[in-house]
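The values are calculated or read from the model by the stated rules, or taken from the named source; none is laboratory data. Computed from a prediction, not measured in an experiment: that's the story for all the values here. Reconstructed Cβ throughout: ideal geometry from the backbone, glycine too, with neighbour counts over all protein chains shown. These accessible areas exclude ligands, DNA and RNA; they are computed on the full protein's heavy atoms, side chains included. Shrake-Rupley method; radii C 1.70, N 1.55, O 1.52, S 1.80 Å.
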Amino acid sequence: MTLAKDTQTLPTQALKKPAGQGFKRTEFIERAGLILLLLLVIVVFSGLRPNTFATYANFRSIATVQPVMAVTAIALIVPLIGGRFDVSVGATLGLSAIATASAMSHFDLPLVVSIVIGIGAGALIGAINGTIVAYLGVNSIIGTLGIATILGGIVTGYTNGIPISSGLSPVLTNISIQSVFGIPVLFILMALIAAAAWFLLTQTPYGRNLAAVGSNAESARLAGIRTKRVVMQSFVIAGSLAGVAGVLQIGAQGNAGPQLVGITFILPALAAAFLGATTWEPGKFTVQGTLIGIFFLGTTISGLSLVGIQPWITDVFNGAAVVLAIALSAQLRRRRTGSLEIGS
Amino acid sequence: MQHTTDTTGPSHALRIRNLSKSFGQTQALDGVSFDIRAGAVHGLLGGNGSGKSTLIKALAGVQTAEHGGEIEFLGTKVSADHMTPELARSLGLRFVHQNPAVFPAMTVAENIAIGAKFPTTAGKIRWKELHTHAQELLDRFEIAAKADDIVGDLRQAEQTMIAIARALQDADKNAVSALVLDEPTASLPDHEVDILLDAVRRFAAEGHTIIYVSHRLDEVIQLTDDVTILRDGHHVVTRPTEGLSETDLIELIVGHSLEKSYASAHAKAPVATTQPRLEVRNLAGGPLQDVSFDVAPGEVLGIAGLLGSGRTEILRILFGDLAHEGGSIALDGQPVAFKEVREGMKAGVALVPEDRNREGVFQGLSVRHNLSIADLGRFARRGRINGKAERKEALRSVANYRIKTADDAALISSLSGGNQQKVVMARWLRRKPKLLLLDEPTQGVDVGAREDLYASIRGSLKDGMSVIAVSSDFDELAQICDRVIVLRDGRITDELSGQDINRQTMTHLVLASSGKDAA
């Protein structure tokens, strides 16, 4: 039997074949495109504003401001890998921030307990989103939009629109001015969270199952994956990460504001997630790509404002980035799977 | 009235001349010529691979036949290689396929309008007119439905009839058209078949010519005026149905008469030398009734049956993807009743599903990840996937199962269909299942890849794996099976082994109303 022969002469040279051999130039440009674009942006603005843009202070500012948005964007990509949208991460972030601040300020709870409450609130909201989407079969955009609106109402009702800024632990509120070897602590925390998310999404069976569900839910079911549970869990993870972002937001801003809960707040995160899917591993949502996307957007907007552009340009830029990034990643997906579906 | 038709005696609606079509080495149609009388119900029969699907596609212009063939409809001659869907439609040819494309969430009127045009004034649909038109059609074809009924709420027979009414709606009442019905009753419950057959008779009574494709010979005898039989791409006969019995039809389809050398299902008791791998007793569920069989370790059992016979349901029940309503299943002597796929997998059952694209492959993922998705637990160490071990195993599978790919990290979508199927097969064989269930394992797979797939199955059989294979390709069953059970309308009607496992016998038994009467 030919088969038996093959088993014995298992080709060792195949095993030695190096991974990802022979990058083609176009492939390299595609994979590294956004990084090159980020470098270009830095070079251009450094040339235009050498005294304000190309300074340690400016880069430190970017590295302090962006981590919250970066964690929010990482929260977004978890359900996105499973083929689902969570547009409530902004609202969850806002509610978690208020819950954490309120626990400290109104209930005099210690910082650690308050943080657990904030992240727990995010996880609970994620569980509600996940139940609605996975077990009640509601379209994820509509379902989470509804939840986001409810959360917005609750936050406004609880705070009367006034930020909670007194009685907060200084350990948390001072975090934005702390740094280790010149690197902002917020940036370091973001890196740790990103590493954890990368591990979960690429190194564990859960991450693999989630990608399988996102690729083809029916095939996943017939491969023994509990698809509903996997989708449910992706929303719990997104909610928890949004809760973490909410806690970090208090640190970055020094208070917990009720104005964060809108959709426009997460637009840069959404843009970054989809920009990220056009780079690194084109066609896939990755933590690395998402971070590159966040810092590309953040740096560009920082540069634009230093050049003296009107603030409304920022909204136009973020909105355009979302649409362009999504259109681009849809094209990449078509190349991977051979068909372009009508947007859902 | 139509031109040119009423001059000659028995007028022919459709003349097919010298129609040929080949796919690579396979000659699907070889110089087929026959005529179809106007206003008749004309049965088109043949086993799997006889060429009838290709013939219909050639008529519809979906697949163009080779140069030299000719299709003449009501006096208009068209060269077969110039046929297009638009031309077929303008000539008056209409097609209703196996699973008619109705929109279950929409009303009858809307479904009918989608086939033609919504009547509009300045962009607004004239609903009243649409409803009147739809109701007229329903009345004309005596369909028991109202224009504003939701199609999904209707019985399947009525849904099919609405698809037929939709196909015929723009045909002028006086103009003659031809309607091709491709196995319209295959997925209908038994009690709804008569409703549809009555409707077909009414369409014929209106003067439409009907070409009726079906595997149900009793229907064909009841319904048709003439029959044409194809075999291996050749035209066998075109003649009046009158005087033909089911046995005659089967002999024409199969090619020769059959001695009853095969053993009937109930006569032959399973040889109880070893503990059977699988014992199925009185299984019921979906169309299945009282299905009992055994599979021995290392045995390949084939299931031959038509669409709707329950063949896929057997596999789904055994895998844990479908609940059974009655009977028992024992795996290695242990009674089992899987509630979900995972339980079946854990017990050592694997399923290679019928629809590779929809149910098997993850197009956006790499070959490696497609291979390991069903046994990730094997590579996990303290929650982390051991990437090195996974890659090594992937390369081993690529080599063992002869998967042609540039790299195991390449996207599976970059592979040919046959190689994608090898990946799906390897995914399950790697788990070393006790029982491998195959549903149309080589559909759309080229000959070379097919042999590789068979070789990989044979390799695992030596280790004692059992296989149950469902295939519409009876030559395939003949090649790989030790034993074949014949499934008809949810029941096992026959069992074949040895020399009796051949395409002719299986075609014969699958088509016969019951194995005994046919011979």
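Structure data summary
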read-out: Whole-number D in µm²/s for chain B (Stokes-Einstein; Kirkwood sum over Cα pairs; 25 °C, 0.890 mPa s); value: 97 µm²/s
read-out: Estimated translational D of region A:113-255 in µm²/s (Stokes, Kirkwood radius over Cα pairs; 25 °C; 0.890 mPa s); value: 143 µm²/s
read-out: Kirkwood-type radius of region B:361-430, with distances r between different C-alpha atoms, in Å; value: 11.8 Å
read-out: Accessible area buried between chains B and A, both sides summed, probe 1.4 Å, in Å² to nearest 100; value: 3400 Å²
read-out: Most mobile listed residue (A:Gly161, A:Gly146, A:Gly293) in chain A, GNM with C-alpha springs under 10 Å; value: A:Gly161
read-out: Förster radius 30 Å - calculated FRET efficiency between A:Asn174 and A:Ser305 (Cβ-Cβ, nearest 0.05); value: 0.75
read-out: Region B:104-170, Rg to Rh (Cα coordinates; Rh as Kirkwood inverse mean 1/r); value: 0.95
read-out: GNM result for chain A, Cα springs below 10 Å: residue of A:Ile125, A:Ile142, A:Ile115 fluctuating most strongly; value: A:Ile142
read-out: Ranked by how many other beta carbons lie within 10 Å on average, peptides A:177-186, B:140-149, B:64-73 from highest; value: B:64-73, B:140-149, A:177-186
read-out: Solvent-accessible area, 1.4 Å probe, carbon plus sulfur percent, for chain A; value: 68 percent
read-out: Protein-protein interface of region A:207-234, residues with accessible area decrease of at least 30 Å², isolated chain reference, 1.4 Å probe; value: A:Arg208, A:Ala212, A:Ser215, A:Asn216, A:Glu218, A:Ser219, A:Arg221, A:Leu222, A:Ala223, A:Gly224, A:Arg226
read-out: Computed FRET value (nearest 0.05) for A:Leu192 with A:Asn160, which takes r as the C-beta separation and R₀ as 41 Å; value: 0.70
read-out: Degrees, to the nearest 10: A:263-276 long Cα axis against longest axis of chain A; value: 30 degrees
read-out: Full-stretch length increase - B:Asp30, B:Lys346 - with 0.36 nm per residue and alpha-carbon distance subtracted; value: 108.8 nm
read-out: Using alpha-carbon coordinates, inclination of helix A:56-81 to the longest axis of chain A, degrees; value: 60 degrees
read-out: Using alpha-carbon coordinates, inclination of helix B:417-429 to the longest axis of chain B, degrees; value: 40 degrees
read-out: Accessible area expressed per residue, chain B, with surrounding protein chains retained (probe 1.4 Å, Å²); value: 42 Å²
read-out: Cα gyration tensor shape for chain A, rounded if a/c is under 1.5, else prolate or oblate; value: oblate
read-out: Computed FRET value (nearest 0.05) for A:Ala330 with B:Glu129, which takes r as the C-beta separation and R₀ as 35 Å; value: 0.30
read-out: Reciprocal mean inverse distance between Cα atoms of region A:22-138 - Kirkwood radius, Å; value: 17.9 Å
read-out: Helix-derived mean residue ellipticity, 222 nm - over chain A, DSSP H n ≥ 4, -39500 (n - 2.57), to 500; value: -24000 deg cm²/dmol
read-out: Spin-label pair B:Asp355/B:Leu87, simplified geometry with 7 Å Cα→Cβ offset, distance in nm; value: 3.3 nm
read-out: Distance cut-off 53 Å, percentage of C-alpha pairs in the protein assembly as shown lying past it; value: 29 percent
read-out: Residue-count net charge about B:Gly68 - beta-carbon cut-off 10 Å; Lys, Arg +1, Asp, Glu -1; value: -2
